[in-house]
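Below: the structure, in structure tokens.
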Amino acid sequence: MAQVRWSGSQRACRVLAPALAGLSILVLAGCGTGPGTAVSGPSASVSASPSGDAGAASPTVSPTDIPVAAAGGPSAAALMVCSKEIQEKIVQILALASAPGNGATWADKLFTCTYALPAGSLVLSVKEAPAPDAAHAYFQDVQRSTAGAAPIEGLANLGFPAFQTPTSAVFVKDNFVLTVDAAALPEPLGPHQVTRAAFAYQVATTVLACWSE
């Protein structure tokens, strides 16, 4: 059973970014819709792949219409990567003039949210494993098969197994494996001229900051 729970809607999520991110403390206030509510995402749509699970979201269904932790569908923790809070964090980091559109899919216990940014796509995904051991095994397989994967160590990994590439960041927590992939984007990014690796890390740790014990 998943151990991730939502933090309260009025509780600020704080996470210390390492030197590689080029910024100091990242703060995401008001993280999280609580359990039992719908996840907002104004321009997002969710479609089910033909190989998806029975009961997964039907094509072109908005996340606002999908109950959190619906039977056969993505969990609240997975849906969070396509939420308004993460959308707003992306806008903040890149100083975008408007919120990016996004769309999502759910298949084989993998929830994927793709943000359409002006310079290219940013892809966030959450693999839901049946148990923490299975999540760690999946994470290790991905790490072994990913070119340029390097462990994120020390305070930078926030106490979770994690690795990074020049364009992505991957973390495992409980039975969830979170991946943020910025490979389709150019660099440097935004007014702070951050690398794709640093951007992926910032987005990933924002998600993790909103997953509480």
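Structural remarks
- Debye, to nearest 20: dipole size of segment 75-206, +1 on Lys, Arg Cβ, -1 on Asp, Glu Cβ: 140 debye
- Proximal lysines relative to LYS109, as straight alpha-carbon distance under 17 Å, when same-chain residues fewer than 8 apart are discounted: LYS127, LYS173
- Relative contact order of segment 160-202, taken over Cα pairs closer than 8 Å and 6 or more residues apart, is 36 percent.
- In plain terms, the chain from ARG144 to ALA116 could stretch by 7.2 nm, reckoned as 0.36 nm per residue minus the Cα-Cα distance.
- Net +/- balance of residues flanking ALA95 in space, Cβ distance below 15 Å, scoring K and R +1, D and E -1: 0
- Using the Karplus relation 6.51 cos²θ - 1.76 cosθ + 1.60 with θ = phi - 60°, the per-residue 3J(HN,Hα) values for segment 142-149 come to 5, 4, 5, 8, 9, 5, x, 5 Hz, with x marking Gly and Pro.
- Accessible-area composition of segment 115-213, carbon plus sulfur, in percent [1.4 Å probe]: 56 percent
- Spacing of the modelled spin labels on LEU155 and LEU96, each 7 Å from Cα toward Cβ, amounts to 3.0 nm.
- Distance between segment 175-210 and segment 115-152 - C-alpha centres, whole angstrom: 12 Å
- Local net charge near VAL203, Cβ-Cβ under 12 Å (Lys/Arg +1, Asp/Glu -1): -1
- Cβ-Cβ FRET estimate between HIS192 and ALA137, R0 fixed at 35 Å, reported to 0.05: 0.45
The values are calculated or read from the model by the stated rules, or taken from the named source; none is laboratory data. Here the structure is a predicted model, which is why all the values come from computation and not from measurement. Neighbour counts run over all protein chains shown; Cβ positions are idealised from the backbone, glycine included. With ligands, DNA and RNA removed, areas are computed over all heavy atoms of the protein, side chains included. Shrake-Rupley method; radii C 1.70, N 1.55, O 1.52, S 1.80 Å.
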